[in-house]
């Protein structure tokens, strides 16, 4: 792509962005540093760089990124005749988003709530083109914790304020009579729980030393804590919101405008990878570990990719993580509603002006994934309803 001097997205109101403050930044303890909202505003309004023909993927080392990683490692991108460099590993969501905004990477897997914020607060030209997966996140507690009520008066780590983990954790806390708070010491008598943002790789050590009583994050960090004997799996977040999306594939809107065939090829490759993972999860786990994409203990990766959990509705066991590509509009609408009820460290007033029923059409471009689903045998082959519609199920 040639150099394009146009700014990304709409003209940004810097005062409004500064009011949003720390809601985008990650904790100072996260590996890779914390990018402030101001940093991201600067990069979002900077002149676009020159892209090469080789596409670049950015990811965090979690199983949520598996379709992109398997598409690279198993040659699905090559089958689509597109050149994709080895995916670049980042250690924090903020550094990943900054790399996306500065055009160091062309596509990323990103927390769906963060994609909403990236579009509507930072003003980035971000477009969701497919889901990476459903489920896969969990709440992991210290070994002595037997009940959620025991978290009162303690700190619990989350991977980001705008994460599905934070949203669903807070639903669980409230269901047990606890109140989540930010930047305020937790009180056992007041039944409050202080939420702290932490890089995923820092969560297991923090749980081991007792500085936090629990964390919620994607696998394989939950499986890793159990394997090390420093934590126990309290619940999968899929029990709170059935088949919810956590991470989604995000590209620059101008990549769609200029190279739609390339975007279609990218989506085709990742959908093929999702089918491959669902057909042989053990081999996918071995690839993720063996080729160094996920630098965690191979056993933890295998458990995360192949493990099952009991179905709370009484059905047969369900996978810890599953791989469904279609971005349901009903999910996006409900997500915006849930974001409005979530405590964050920062200004969430940008949500006041969002109509949940219109966000999906503005944020998501599902043309490519619809075409890819049809090319790969239709919705039912991918475990999706034939109508590509559904009702959201939350407890």
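The values are calculated or read from the model by the stated rules, or taken from the named source; none is laboratory data. Keep in mind the model is a prediction, meaning the values are calculated, not measured. Positions of Cβ are generated from backbone atoms using ideal geometry, with glycine treated the same way; all protein chains shown enter the neighbour counts.
Tallying residues that are surrounded by fewer than 18 Cβ atoms within 10 Å (Cβ to Cβ) and part of a loop (DSSP other than H, G, I, E, B) within region 182-232 yields 11. For region 70-95, the candidate set comprises residues that are modelled with pLDDT of 95 or more and assigned to a helix (DSSP H, G or I); within that set, the residue that is surrounded by the most Cβ atoms within 10 Å (Cβ to Cβ) is 71. Of all residues in region 204-222, which are without any contact (Cβ under 8 Å) to a residue 60 or more places away in the chain and under 25 Å from residue 244 (Cα atoms)? 204 - this is the single residue of region 204-222 that is without any contact (Cβ under 8 Å) to a residue 60 or more places away in the chain and under 25 Å from residue 244 (Cα atoms).
Determine, yes or no, whether residue 269 is surrounded by 22 or more Cβ atoms within 10 Å (Cβ to Cβ) and over 19 Å from the mean Cα position of the chain (by Cα). Outline the logic, then answer.
On the way: surrounded by 22 or more Cβ atoms within 10 Å (Cβ to Cβ): yes; over 19 Å from the mean Cα position of the chain (by Cα): yes.
Spelling it out, residue 269 is indeed surrounded by 22 or more Cβ atoms within 10 Å (Cβ to Cβ) and over 19 Å from the mean Cα position of the chain (by Cα).
Regarding residue 378, is this residue more than 20 Å from residue 251 (Cβ to Cβ) and touching a residue at least 24 places away in the same chain (Cβ under 8 Å)? When the stated conditions are applied, residue 378 does not pass them. Reported count of residues in region 101-124, each being assigned to a helix (DSSP H, G or I) and under 22 Å from residue 165 (Cα atoms), is 9. Residue count for region 320-363, restricted to those that are within 25 Å of residue 288 (Cα to Cα) and surrounded by fewer than 20 Cβ atoms within 10 Å (Cβ to Cβ): 1.
For residues that are free of Cβ contacts under 8 Å to residues at least 24 places away in the same chain and surrounded by fewer than 19 Cβ atoms within 10 Å (Cβ to Cβ), tally how many sit in region 278-317.
In the first step, residues of region 278-317 are kept if they are free of Cβ contacts under 8 Å to residues at least 24 places away in the same chain; the result is 279-280, 283, 285-286, 289-290, 292, 298, 302, 308, 310-311, 313-317.
Restricting the remaining residues to those that are surrounded by fewer than 19 Cβ atoms within 10 Å (Cβ to Cβ) gives 279-280, 283, 286, 290, 292, 298, 308, 310-311, 313-317.
So the count comes out to 15.
With respect to being touching a strand residue (DSSP E or B) at 6+ places or on another chain (Cβ under 9 Å), outside the structural domain of residue 207 (by TED's automatic domain parsing), modelled with pLDDT of 90 or more and outside any loop (DSSP other than H, G, I, E, B), residue 67 fits the description.
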